[in-house]
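Here's the structure, in structure tokens; my notes come after.
The values are calculated or read from the model by the stated rules, or taken from the named source; none is laboratory data. All figures in this text were calculated on a predicted structure; none of them were measured in a lab. Here the Cβ is made from the backbone with ideal geometry for all residues, glycine too, and neighbour counts use every protein chain on show. Surface areas here come from the heavy atoms of the whole protein model, side chains and all, with no ligands, DNA or RNA. Shrake-Rupley method; radii C 1.70, N 1.55, O 1.52, S 1.80 Å.
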Amino acid sequence: MMFPEYRPRRLRKNETIRRMVQETRISVDSLVYPLFVVPGKKVREPVEAMPGVERFSVDLLVEEVKEAHGQGVRSILLFGIPEKKDKKGTQAWVKHGIVQRAIEAIKKECPEVYVITDVCLCEYTSHGHCGLIDERKKDVSNDPTLEFLQKTAVSHARAGADMVAPSDMMDGRVGAIREALDENGFEDIPIMSYAVKYASSFYGPFREAAESTPQFGDRRSYQMDPANQREALREATLDLEEGADILMVKPAMPYLDVIHLLRQEFTLPIAAYQVSGEYSMIKAAGQRGWIDQERVMMESLLGIRRAGADIIITYFAKEVASRLK
Ligand code: PBG
């Protein structure tokens with residue numbers, strides 16, 4: 001007997017059927033738009049290493065959020081750059097800190113936007129590390145940092161944040177933040193944990209944007225070794241046990257295997273952060289005409305979705321939203 005010949009091409013010939021059988025899709029519903037807020041008024045400064053990305057003062061940030069929302073973006077991730085920095089990163093948790101003011105302004109003008117905040121000290125410390133420094137060891141001291149992360153997360157929730165995202169990578173921070181949120185009446189605020197965060201060179205352009213380059217040493221004592229995949233399971237398991245609601249992998253494109261692995265091993269939603277370096281590479285090559293920027297952008301996001309991410313944090317969010325519209 002002759003078997004009928006299977007021809008995959010049959011389902012590709014017509015746009016309608018091609019879309020019907022598409023396994024993965026990009027929807028604005030799953031995108032988060034990261035934004036940088038700086039002190040001052042009427043400030044809007046381009047980030048040189050990230051074409052198309054700007055840093056805004058609170059007043060203009062609100063305009064940007066409104067515009068993005070108009071395009072269909074539903075959720076943002078906020079990073080703050082304070083007026084002054086000190087050893088402890090005090091400006092991270094003060095009542096009228098830069099992020100706290102930004103949250104209040106956005107919630108007043110654009111309450112439907114879902115506001116996520118990055119919880120970390122590196123933008124606020126004079127040394128640029130994500131935690132307090134043990135001067136003798138010249139390294140971050142893990143446990144004493146937890147209290148400051150708790151304060152920061154609670155101050156964001158008080159200002160009106162919908163969700164907090166700790167990115168500092170101190171051990172035990174998710175449990176500590178969960179406890180502090182609960183004690184202060186914020187049981188309903190979820191935690192999206194940067195559970196699997198590699199010590200990556202792809203963060204380069206971000207450090208220009210956030211002014212958070214470490215003044216000495218690097219982050220390898222608290223961020224993960226890019227060579228390790230199994231370690232991702234240990235980090236994710238810890239955060240899950242401590243009460244994380246969403247697990248994040250960061251960066252995205254060089255770690256698609258890790259996203260896939262977490263998708264197989266955990267039932268929690270998975271987020272992936274397409275970081276600054278990933279964005280800048282696509283933009284730079286696109287500007288030179290070496291690649292088709294729009295198509296590479298969509299393909300890169302599809303890859304991240306296919307690997308298993310539910311949520312994608314991407315500087316392309318607004319652009320994608322307007323394209324899908
Ligand atoms: C640090 C933080 C970083 C990023 C998000 N949160 C930088 C770092 O760990 O050095 C990087 C994001 C990006 O590169 O787009 N709290």
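Please find, in a Gaussian network model of the chain (springs between Cα atoms separated by less than 10 Å), the residue of SER75, SER57, SER27 whose mean-square fluctuation is greatest. Highest fluctuation among the options: SER27.
What relative contact order, as a whole-number percentage, does the chain give when Cα pairs under 8 Å and 6 or more residues apart are counted? Here the relative contact order equals 18 percent. Highest average first, the peptides 29-37, 268-276 ordered by how many other beta carbon atoms sit within 10 Å of their residues are 268-276, 29-37. Here is the tail figure for the chain: Cα pairs spaced more than 35 Å apart come to 19 percent of all pairs.
Helix 256-265 and the longest principal axis of the Cα set of the chain meet at an angle near 90°. Shown in residue order for segment 142-155 are the 3J(HN,Hα) couplings computed by the Karplus curve 6.51 cos²θ - 1.76 cosθ + 1.60 at θ = phi - 60°: 4, 5, x, 6, 4, 4, 6, 5, 4, 4, 5, 4, 5, 5 Hz (x for Gly and Pro).
Our summary gives segment 1-100 a relative contact order of 27 percent, counting only alpha carbon pairs under 8 angstrom and 6 or more residues apart.
DSSP beta bridges fully contained in segment 26-324 are about 15 percent antiparallel. At a probe radius of 1.4 angstrom, the accessible area of the chain per residue rounds to 48 square angstrom. Rounded to the nearest 10 degrees, the angle from helix 98-109 to the longest Cα principal axis of the chain is 60 degrees.
Projecting label points 7 angstrom from Cα along Cα→Cβ for ALA285 and LEU11 puts them 2.9 nm apart. By how many degrees, between 0 and 90 and to the nearest 10, does the Cα long axis of helix 230-242 differ from the longest principal axis of the chain? For 230-242 against the chain, the angle is about 60 degrees. Computed over Cα pairs, the Kirkwood radius of segment 1-139 leads via Stokes-Einstein (1.306 mPa s, 10 °C) to a diffusion coefficient of 87 µm² per second.
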